[in-house]
Number of protein chains: 2
Amino acid sequence: MEVTNRYITIKTQVDGEPKESDFELKTSALSLSLDPSSNDIIVKNLYVSIDPYQLNRMKSQSSSQKAIGFAAAITPGEDIDAYGVAKVVASGNPEFEKDDLVVGLITWGEYSLLKGGKYMLRKFDPMGFPLGLTAYGGFFEVCKPKKGEKVFVSAASGSVGNLVGQYAKLFGCYVVGCAGSKEKVALLKEKLGFDDAFNYKEEPDLKAALQRYFPDGIDIYFDNVGFEMLEAAVVNMNTFGRVAVCGVISEYIDATKRAAPNMLDVVYKRIKIQGFLAADQMNVFPDFLSTTTDHLRTGKLHAVEDISDGVESFPSAFIGLFRGHNTGKKMVKVADE
Amino acid sequence: MEVTNRYITIKTQVDGEPKESDFELKTSALSLSLDPSSNDIIVKNLYVSIDPYQLNRMKSQSSSQKAIGFAAAITPGEDIDAYGVAKVVASGNPEFEKDDLVVGLITWGEYSLLKGGKYMLRKFDPMGFPLGLTAYGGFFEVCKPKKGEKVFVSAASGSVGNLVGQYAKLFGCYVVGCAGSKEKVALLKEKLGFDDAFNYKEEPDLKAALQRYFPDGIDIYFDNVGFEMLEAAVVNMNTFGRVAVCGVISEYIDATKRAAPNMLDVVYKRIKIQGFLAADQMNVFPDFLSTTTDHLRTGKLHAVEDISDGVESFPSAFIGLFRGHNTGKKMVKVADE
Ligand SMILES: NC(=O)c1ccc[n+]([C@@H]2O[C@H](COP(=O)([O-])OP(=O)(O)OC[C@H]3O[C@@H](n4cnc5c(N)ncnc54)[C@H](OP(=O)(O)O)[C@@H]3O)[C@@H](O)[C@H]2O)c1
Ligand SMILES: NC(=O)c1ccc[n+]([C@@H]2O[C@H](COP(=O)([O-])OP(=O)(O)OC[C@H]3O[C@@H](n4cnc5c(N)ncnc54)[C@H](OP(=O)(O)O)[C@@H]3O)[C@@H](O)[C@H]2O)c1
């Protein structure tokens, strides 16, 4: 048996802000008969996560591509792998059977051919889906918050940011977020329980804005954005302040934008600036899971999702991340179960 | 009785690289008769420590001046306080007697009039002089080294840097330092036991230089310098690398120089960049003292000092820090006991 697979690739390496013309929808025939000893698996993709860091993998040169396996360069014309949920349609691996629901690295396409047993895939467990671990691990493990501390979150209505703010509030911190529209600001304040929020696009002077929102200084800055926001946060930081660098989306699209935080502040205020990856936070996974499921069950924590439909929507869904089009976790729904 | 006190002040705030004409030698008469209940003390200065951070106190505006008391602005025309060793010549404080040797905040002058009991002064204890605590605390507490790790130290022949390198070697790390002359490089390699060293002034491309000296990457960077050196170190850092930001001397003299380390590296390699002050390291003081005295006694640790003579030499001693004139701990010897 054979299916037609429609999938997205990049036409060339992408070095600036991504645009529709960087992407291409391709079609190929995919045979579903696998050699039973091949270890290959074919899955039908259901939901695919849309993540800003993929842009760094699309660049012609990025030091991060060398740093860690999953950040390896994406090659024009080839599959774009991404985290998602899928259903097994053919399996050459005895551990997986047809119709199994799985999570792991699949592709920006309708089907994924995962070859040779080196794929990262496991059986789907509705409780084991690690969305939110970045926010949880980054906030608790890297920022090491104390109750009452003042927390600033950027890209606060985004997938990671909204959860950081919610976890921080539930933990007992004072939380201010910034986001790129008045609707997002309203969501943060009215629905997600942030103490305050502002639209950074309306602030000509970010340092002054943060001074207004944090007259007593910032203890923790959860950085999703980098560049000027990071610089402005460091200026407003209290002694022994902590910056968790989760990502620097404003720098992804423009290599000339580089945060240059005042190192005199870093020394005199003994600030810690620390990068982290969700992948390193597995030790808090059990905590994360129990806290998160409890809060979701009692309605104290809100899941904010932003879902596009169909394989054609991958490019616009992805591009939209860099234009602030999404609110909450961006995903593409490729097919119904 | 009265003495003539010669002392150094700044003429105006100093915003760029300091030069001789920024300083002035003044003379004043100082009465040695103190009201016995005044708590004032007059000391004769013997040795005064010369420190780069003082430049930040001489600036018209520096965020660090607000961050912490001892970094408060220095006012033109007034005494410049600095750490040193002195001898009490008159005391209105029953805790101190004439001829007591003391350490603490004295001044860039022949005598210091320390007023109203608010001075930071204590009896001199040859074992209690905390030179080296910056290096020890910064290296062990902030960098948290493991044996065999690769350590890079900048301004490595300086007061803090040379000790960091020596402590790191004695602890069992691989250590490379950089310094500004071939004589300094020779000192590091031949006398102080560094595994390697290089003259950064002869390296047109610091990133490439560090890649040559650290083909397997840097685990710990002890930063005394900032700007390009910090950027180059971050590029060459290993995963979970640590940067202790002790100081950024190259940024002190030029506010337009700002380190903009690649935050993508910081995230993907989970780098920690942390500022610290020696003043926070008092918890390791006992360790520091016993390790240091042991190593000094057995000749494994070398004290490197660079001493200028006389009150007139304060300006050139200080200016020399920013020109690399000193090797090891810079001090001015104002008088013999
Ligand atoms: N360390 C890790 O393990 C890890 C894991 C996941 C994600 N991340 C990082 O975390 C950050 C957020 O990721 P996410 O998946 O949660 O994405 P997201 O926040 O859901 O989407 C990106 C959001 O960033 C904001 N943004 C885009 N360009 C911006 C700019 N130039 N300046 C300021 N804000 C901008 C937009 O919202 P506005 O409307 O507010 O502008 C946009 O909605 C990214 O930097 C990502 O790389 C790190
Ligand atoms: N955090 C703390 O508690 C603390 C305490 C003490 C000192 N510090 C900091 O530690 C650093 C070293 O202080 P120190 O007292 O030990 O001084 P030092 O290293 O003995 O003297 C300064 C040395 O820095 C080097 N240098 C000067 N300008 C430079 C530039 N533009 N680029 C590169 N190197 C330059 C020079 O050596 P070369 O010949 O190698 O250029 C000079 O000899 C300073 O940044 C200082 O502020 C921090």
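The values are calculated or read from the model by the stated rules, or taken from the named source; none is laboratory data. Remember, predicted model here, so these are calculated numbers, not experimental data. Cβ atoms come from the backbone with ideal geometry, glycine included; neighbour counts cover every protein chain shown.
Of the residues examined, B:Ile319 is not one that is hydrophobic (A, V, I, L, M, F, W, C) and within 16 Å of ligand 1 (Cβ to nearest atom).
Considering region A:89-190, the qualifying strands (runs of 3 or more DSSP E), each wholly inside and each with 1 or more residues that are at pLDDT 95 or above, run over A:101-107, A:111-114, A:150-153, A:174-179. Answer yes if at least one residue in region B:117-135 is touching a Pro at 6+ places or on another chain (Cβ under 7 Å) and within 16 Å of ligand 2 (Cβ to nearest atom), and no otherwise. Within region B:117-135, not a single residue is touching a Pro at 6+ places or on another chain (Cβ under 7 Å) and within 16 Å of ligand 2 (Cβ to nearest atom).
For region A:261-277, the condition holds for no residue, the condition being that it is free of Cβ contacts under 8 Å to residues at least 12 places away in the same chain and away from ligand 2 (no atom under 16 Å from the Cβ).
Pairs are defined by a Cβ separation below 8 Å, a sequence spacing of at least 6 or placement on different chains, a first member in region A:216-244 that is in contact (Cβ under 8 Å) with a residue 40 or more places away in the chain and facing chain B (nearest Cβ under 9 Å), and a second member that is near ligand 1 (Cβ under 9 Å from one of its atoms) and among the polar types (S, T, N, Q); the pairs so defined are A:Asp223/A:Ser154. The condition (being at pLDDT 95 or above and either hydroxyl-bearing (Ser, Thr, Tyr) or not in a loop (DSSP other than H, G, I, E, B) (or both)) is satisfied by just one residue among B:Ser64, B:Ser28: B:Ser28.
You will find that of A:Tyr213, A:Tyr268, A:Tyr252, the residue that is more than 13 Å from every other protein chain (Cβ to nearest Cβ) and closer than 30 Å to B:Glu251 by Cα is A:Tyr213 and no other.
Counting the residues of region A:285-315 that are surrounded by fewer than 17 Cβ atoms within 10 Å (Cβ to Cβ), within 16 Å of ligand 1 (Cβ to nearest atom) and more than 16 Å from the chain's Cα centre (by Cα) gives 2.
Report the residue count in region A:167-191 for those that are surrounded by fewer than 22 Cβ atoms within 10 Å (Cβ to Cβ) and either within 19 Å of the chain's Cα centre (by Cα) or among the polar types (S, T, N, Q) (or both). Going through region A:167-191 one residue at a time, the tally reaches 2.
Among the criteria (1) more than 10 Å from chain B (Cβ to nearest Cβ); (2) within 16 Å of ligand 2 (Cβ to nearest atom), the one A:Phe288 does not fulfil is (2). Every condition in (1) modelled with pLDDT of 95 or more; (2) outside any loop (DSSP other than H, G, I, E, B) is met by B:Gly324 except one, and the failing one is (2). Listed by position, the helices (runs of 4 or more DSSP H) enclosed by region A:194-268 that each have at least 2 residues that are among the acidic types (Asp, Glu) and out of contact with any strand residue (DSSP E or B) (no Cβ under 9 Å at 6 or more places or on another chain) are A:227-235.
Test B:Ala279 against the criterion of being within 14 Å of another protein chain (Cβ to nearest Cβ) and surrounded by fewer than 18 Cβ atoms within 10 Å (Cβ to Cβ), and give yes or no.
yes
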